[in-house]
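Coordinate-derived values only; no laboratory data. Just so we're clear, the structure is a prediction, and the values are computed from it rather than from any experiment. Here the Cβ positions follow ideal geometry from the backbone for every residue, glycine too, while neighbour counts run over all protein chains shown.
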Amino acid sequence: MTKRLILLVLFGVLYITESSAQENYGNALGNDRPAWIDKVYVGGGLGGFGISDRQVWVNISGQVGYRITEKWNAGIGLTYQYFKYKEPINQSFNDYGINFYTQYVVYKPFFVMAQYEIFFLDLVEGGRATYDTFLLGAGVSQPMGGKGFLNFYALYNVLYSDGGDNGRYDSPWVIGMNVGIGF
């Protein structure tokens, strides 16, 4: 009885495995990868380059996102920022952070966007401080090829306070761009 049960379970597992191995997910490339992978995209951006006689600022970021619907996507990103202040102090900072974002296409090519960032900032006296921002805004997306895009956006930091500790931000406005490509 035990042998028959084991054979029955083994046959069932082999049958299910064989059936799922033959399934074609019908994605864009027609291969055996799952259809959800066509909704994943990667990208990033370069920012800053605020080079002046007083400071240097460079921003490098990467992101991974998922198209939840045709109009709505969300994702996560990593950011590295380099700052060098020449005046009044001659010091440089290496900051990094993580962000979570969502975008919704209101009317092609225009979208609204929300982004929450957490930054870990170098301090003048040593050590690190944690600083967060909550950005709301809008942008325009330009398709590039079949699955690529170029986004331009303007976001407003609703947590910004005049005279308060705003991390490295000297304005509540964040103007940026990023590029991405789908799988």
Problem - Extension reserve of the Tyr66-Thr130 stretch, reckoned as 0.36 nm per residue once the Cα distance is removed - result: 20.3 nm
Problem - Label-to-label distance, nm, for residues given as Asp32 and Tyr82 (7 Å Cα→Cβ offset) - result: 4.5
Exercise for the section: Could you work out how far the C-alpha centroid of segment 126-181 sits from that of segment 53-70, in angstrom? Expected result: 8
Problem - FRET efficiency, Ile118 to Ser92 (Cβ-Cβ, R0 22 Å, nearest 0.05) - result: 0.55
Fill in the blank from the handout: In nanometres, the difference between 0.36 nm per residue of separation and the alpha-carbon distance of Tyr104 and Asp170 is 21.0 nm
Fill in the blank from the handout: The Cα radius of gyration of segment 91-135, divided by 2.2 N^0.38 Å with N its residue count, comes to 1.62
Handout entry: Label-point separation in nm, Gln142 to Val40, each point 7 Å along Cα→Cβ
Key = 2.9
Exercise for the section: Output the direction-averaged projected area (hull surface divided by four) of the convex hull of the alpha-carbon atoms of segment 71-154, in nm². Expected result: 6.9
